[in-house]
Amino acid sequence: MKVTTYVQEDQNDLRLDHFLAQSTGDDISRTSIQKWIKGGHIERVSEPKTSNLKPNFRVKSGETFEITI
């Protein structure tokens, strides 16, 4: 299953793990999200594309991320 999330202007400069916790409606723990990030299950699909992310990565408005579960 893949979920795509888009960074809004008011989410600019949040840590990636905080942004994803907000985007999932806080239904998934931040610890689980951090494990997904470290395991390569989170990918930035906006340019430049990358799957080598860290939980403390700062998101920018307009970026798109894909979660693969």
Carbon + sulfur, % of accessible area of the chain - ligands and nucleic acids excluded, 1.4 Å: 44 percent
Spin-label pair Asp10/Lys38, simplified geometry with 7 Å Cα→Cβ offset, distance in nm: 3.2 nm
Contour excess over end-to-end distance, with Cα ends at Thr50 and Ser29 and 0.36 nm allotted per residue: 5.3 nm
Expected-Rg normalisation [2.2 N^0.38 Å, Cα atoms] applied to the stretch 1-42: 1.10
Rounded to the nearest 10 Å², the accessible area of Thr68 at probe 1.4 Å: 50 Å²
Given charges at Cβ of Lys, Arg, Asp, Glu: the stretch 7-56 dipole, positive-most of Ile37, Ser23, Asn12: Ile37
Accessible area in square angstrom per residue, the chain, 1.4 angstrom probe: 62 Å²
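The values are calculated or read from the model by the stated rules, or taken from the named source; none is laboratory data. These figures come from a predicted structure and were not determined experimentally. When we count neighbours, we look across all protein chains shown, and the Cβ atoms used for this are built from the backbone with ideal geometry, even at glycine. The area values use the complete protein model at the heavy-atom level, side chains included, leaving out ligands, DNA and RNA. Shrake-Rupley method; radii C 1.70, N 1.55, O 1.52, S 1.80 Å.
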